[in-house]
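Contents: one structure, followed by commentary.
The values are calculated or read from the model by the stated rules, or taken from the named source; none is laboratory data. What you see is a predicted model; the values in this text were computed from it and never measured. Every residue, glycine as well, gets a Cβ built from its backbone with ideal geometry; the counts of neighbours run over all protein chains shown. Keep in mind that these areas ignore ligands, DNA and RNA; they rest on the heavy atoms of the full protein, side chains included. Shrake-Rupley method; radii C 1.70, N 1.55, O 1.52, S 1.80 Å.
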Amino acid sequence: MTLKNNLVLLIFLALLSNSCVNDTKTNSSEKEETIKFNLPKDFVLDDLYQPSSNEQGSWVALTQGPDGILFACDQYGKIYHFKTPEIGKTIKTEDVHSLDLEIGEAHGLLWAHNSLYVAVNKRWKDDIPDEEENGSGIYRITDNNHDGSLDKVEMLLKLSGAGEHGPHSFIPSPDGKEIYFIAGNHTLIPEQLKEDSRLPTNWGEDNLFTPYLDARGHANDVKAPGGWVAKFNPEGTDWQIISAGYRNAFDIAFNKDGELFAYDADMEWDIGMPWYRPTRICHVTSGSEYGWRTGSGKWPEYYGDALPAVHNLEQGSPTAVLSGTKLNFPAKYKNGLLVMDWSFGTIYFADLKAKGSSYTVERTEFLSGTPLPLTDMVAGADGHLYFATGGRRINSHLFRLRYTGSDDPQAKIASDTKTEELRELRHNLEKFHDQPSKEAIPLAWENLDHEDRFVRYAARIALEHLPVDQWINRFLAEKEPKKIIEASIGLARQGDATLQSKILGKLNLIALETQLAQQQLNMLRAYELLFIRMGEPNKQDRGATVKKLNSYFPHANNAMNRELGQLLLYLKADGVVEGLVQLLEKHTKEKTVPTNNFLSKEITLRSEQYGPLIREIIEKMPPSESIYYGVLLSHAETGWTKKAREKYFQWFYDVFNSQGGLSFKPGMENIRLAAMQHIPEKEKEYFQELSGVYSPSTAVADLPQPIGPSNHFTATEMRRVAWGKELADYKTDFDKGEHAFQAATCILCHRVRGEGGAAGPDLTQISDKFGRGDLLFAIYSPNDAISDQYANTLFHMKDGKKISGRIKSETEAAITLMPNPFNESYTIEVEKSNVEKKELSPLSPMPPGLLNRLNPTEVRDLFTYLEAGGDKNHKVYSE
């Protein structure tokens, strides 16, 4: 079938599903819906094949082979091969063949050097030998007996990591002599690869304060450097790490200039948090670091020890990246990249514009469809674009896109001599990342103050590959502030603590206001790295640094305020807490949001799964800039006044009244709880109640006590307890479950089979409405979803205070509130004349952490009890 321009193609695709079932076959009986395409002018789309209709899975990887052959791989199955059809024809089922080899589940395929290279994404099993399993790793498949069929599988590199953040894709180097590979952040870098790295391998989290981990447990165990890019030779040896610091870039591509690019993923659960980073296109230069760190530890783009994206997009799920150089498309496409977004069914064209030694991007939408889960694309030997849809076992298609217009694909694109010279300068510096030499010092030092950020970065990395004693004297003699700042970052990363005082002495002599904005931020980052890597300064250095930094705080620039604020808090500067509280109030009032990278409503409508949440977030945008200060203040142990603390803990009402990603509200609750740990014990109850959280302590005296010992469960730990292997052999017990229901204080507000309180919903039939996962997270993060029927009312008073509770009664002049759900006899009076406005409270009457009273087996018994609806004869107790 063929589609021209913006007509509707009647092909069927299963509705997107985020669940992963156990069977490996596609369910062709799923509900189907029409794909609505938007195509560029003068392009024709051919629907060539539907593998899912032929029991061949859901294709996520493609590569062009020899003699017009395409290879494709099912995400959870086999590798297939077939010839591309002539124009006007489609692929027949009998012409699609699977490799007769025990290998598959690949995210990346590459035909090169008369071999098929395969990036297998499959968790290894402990009880199966490597040579029999072919789990995650890099493999080379060849025709060993030269009979025309691939028959030999050779593992080149074993990898630890699997799933959608596991091993991904390949691309041949521009000269064809080497192969580049990219892996997601759940793929550990093998130790042997660290022996040859263009990026110094003493990487760390490099955060001044301990980051908050994702509240839902995602990537909590993943440490620096995150996703990475490496290269190797055709035989699978001479591995070298090129770049790191990505979240989950799925693919890479070289542009016409031979420069490498990746399209990195966002963490959509972080939307609304100040550390959220949208999807972005990164220039993968030698030794580059892009600053992904787990949880709240992600580095902002302005950090001098990392590089910025060449282009920030919005929300999405990046998959394939393809250079236009080999496509028979109009000449303008030769200059850029096509990048795919799985979630919102869009291919963008990133027109790369040389800027200095790197690039900027002018982005346009190239092709879209609804629904269209795009997985991979290749330039065919015929110059046409072949792309697949599918993934996660949903229905899959193979398409061909052809240009039929009259534009000359071979038209020349003007070059820019100045940018070419700057790229050459950067390349000359990058040679020393591969072959460190003392000869690098003059060239590197000369360019430490270069106006081009990528050149400066390459110069510093060249120095970092050398022993510090080879260049420390240059630093000590240096007078140029920009070079001092850049070299200080390198020394902080590679030097030892004995140098700290000397480096601080030189930095403290530089007047911050004499530097450009980026250099000011680099200077503050240098201070941070000195403390992170070398420890707290001595008393004299601390005093001098505080005096200097305090004179610039608060600053007119938001980024400067962030870094000055955390440095002064780390150094325990007098008055810093009060200043941070003022900034928190300022940005809450102004609703400051540091980024405007959000999808248009039109694009969000392309995804029923992800679109509604993004539209809701845009409608109720969190005050992200103030959240930065809320997070920072949670680390403040001293320097508080009672008034400042009252403002801080009441501020949480403002935050919870907004909407962020899935980890937003539980993450903010974790921050509130951490801040509460710094309050003297005798004052905790007051500030808990001030932020709308009441303890059931007075109501538990008559309840059964937990067996214990108590725990502080994270989301990950709760999942393991609820259905993890650790308790797989544990036999749940009805009586113990009933005991846990009471001991966890659930019975105070909830009924099961007529027994219990009525402040919250009846839980007798809860398992009919929610799965164990949803129920678990509703308990772990009760603020995520609050029924209007059970929500408190929040009163905003004219004096700025906030009061929350259930309305017991109301007169013409006053309202009687019950703020404590565990003690309905405790009431307070609210004078109506003092109320500015009222609304439903964004904080649940149910406090978080109730399951922390229990031990793991008690939690397992409780969940089984709830699933049984309190019925001792339920089948769950006989299974």
Work from the charge dipole of the chain (Cβ charges, +1 for Lys and Arg, -1 for Asp and Glu, about the Cα centre) and give the residue of 255, 757, 135 farthest towards its positive end.
757
Given labels modelled 7 Å from the Cα in the Cβ direction, how far is it in nm from residue 98 to residue 145?
2.2
With all protein chains present, the chain has a carbon and sulfur share of its accessible area (1.4 Å probe) in percent of 47
Roughly speaking, what is the stretch gain from residue 353 to residue 469, that is 0.36 nm per residue apart minus the C-alpha to C-alpha distance, in nm to one decimal?
37.8 nm
If I model a spin label as a point 7 Å beyond the Cα along the Cα-Cβ vector, how far apart are those points for residue 685 and residue 177 in nm?
7.6
Taking R0 as 51 Å and r as the Cβ-Cβ distance between residue 480 and residue 192, the FRET efficiency 1/(1 + (r/R0)^6), rounded to the nearest 0.05, comes to 0.80
With label points set 7 Å from each Cα along the Cα-to-Cβ direction at residue 641 and residue 551, the distance between them in nm comes to 2.6
Return the long-range amide H neighbours of residue 814 (sequence gap of 5 or more, or a different chain), with a cut-off of under 5 Å between placed amide H atoms.
832
Report the local net charge at residue 862: Lys and Arg +1, Asp and Glu -1, summed over other residues whose C-beta lies under 14 Å from its C-beta.
-2
Phi-derived 3J(HN,Hα) across the range 560-574 with the Karplus relation (6.51, -1.76, 1.60, θ = phi - 60°), rounded Hz, x for Gly and Pro, is 5, 4, 4, 6, 4, x, 6, 5, 5, 5, 4, 7, 6, 5, 4
For residue 365 and residue 434, compute 0.36 nm times the residue count separating them, minus their Cα-Cα distance, and round to one decimal in nm.
21.1 nm
Work out from phi, with θ = phi - 60° and the Karplus expression 6.51 cos²θ - 1.76 cosθ + 1.60, the ³J(HN,Hα) of each residue of the range 195-211, listed in order in whole Hz, and give x for Gly and Pro.
6, 9, 9, 6, 9, x, 8, 8, 5, x, 5, 6, 10, 5, 10, 4, x
Nearest-20 debye value, the chain charge dipole, Cβ charges on Lys, Arg, Asp, Glu:
2220
Among the GluC sites (Glu not before Pro) within the range 626-704, which fall in a DSSP loop and have no more than 13 other Cβ atoms within 10 Å of their own Cβ?
637
Once amide hydrogens are built 1.01 Å from N within the peptide plane, the residues lying 5 or more places from residue 178 or on another chain with amide H under 5 Å from its amide H are 173
What is the dipole size for the range 522-638, taken about its Cα centre, with +1 at each Lys and Arg Cβ and -1 at each Asp and Glu Cβ, in debye to the nearest 20?
240
The range 208-339: C-alpha gyration tensor shape, a/c 1.5 cut-off, then a/b vs b/c
prolate
Rounded if a/c under 1.5, otherwise prolate or oblate - the range 306-450, Cα gyration tensor axes
prolate
Going by average Cβ neighbours within 10 Å, how do the peptides 141-148, 219-226, 533-540, 80-87 rank, with the highest at the top?
219-226, 80-87, 533-540, 141-148
Looking at 337, 440, 124, which one has the Cα that reaches farthest to the positive end of the dipole of the chain (charges on Cβ: Lys, Arg +1; Asp, Glu -1)?
440
From the helices alone, meaning DSSP H stretches of at least four residues, give me the mean residue ellipticity at 222 nm for the chain, per-run term -39500 (n - 2.57), in deg cm²/dmol to the nearest 500.
-8000 deg cm²/dmol
Amide H of residue 157 versus every other amide H placed in the peptide plane: which residues, excluding those fewer than 5 positions away on the same chain, fall under 5 Å?
138
Work out, step by step, the length gained on full extension between residue 220 and residue 762: first 0.36 nm times the residue separation, then minus their alpha carbon distance; give nm to one decimal.
191.7 nm
Surrounding net charge for residue 468, when Lys and Arg each add one and Asp and Glu each subtract one, Cβ distance under 13 Å:
+3
Given (1) 1.02; (2) 1.11; (3) 1.20 as possible values of Cα Rg over 2.2 N^0.38 Å, the one from the coordinates is (1)
Dipole check, the range 512-648, charges on Cβ (K,R +1; D,E -1), about Cα centroid: among 568, 618, 595 the Cα furthest to the positive pole belongs to 568
Assigned charges on the beta-carbon of Lys, Arg, Asp, Glu; the range 165-252 dipole about Cα centre (debye):
220
Show me, for the range 60-73, the HN-Hα J-couplings you get by feeding each phi into the Karplus relation (A = 6.51, B = -1.76, C = 1.60, θ = phi - 60°), rounded to Hz, glycine and proline as x.
10, 9, 9, 7, 7, x, x, 6, x, 8, 10, 9, 9, 9
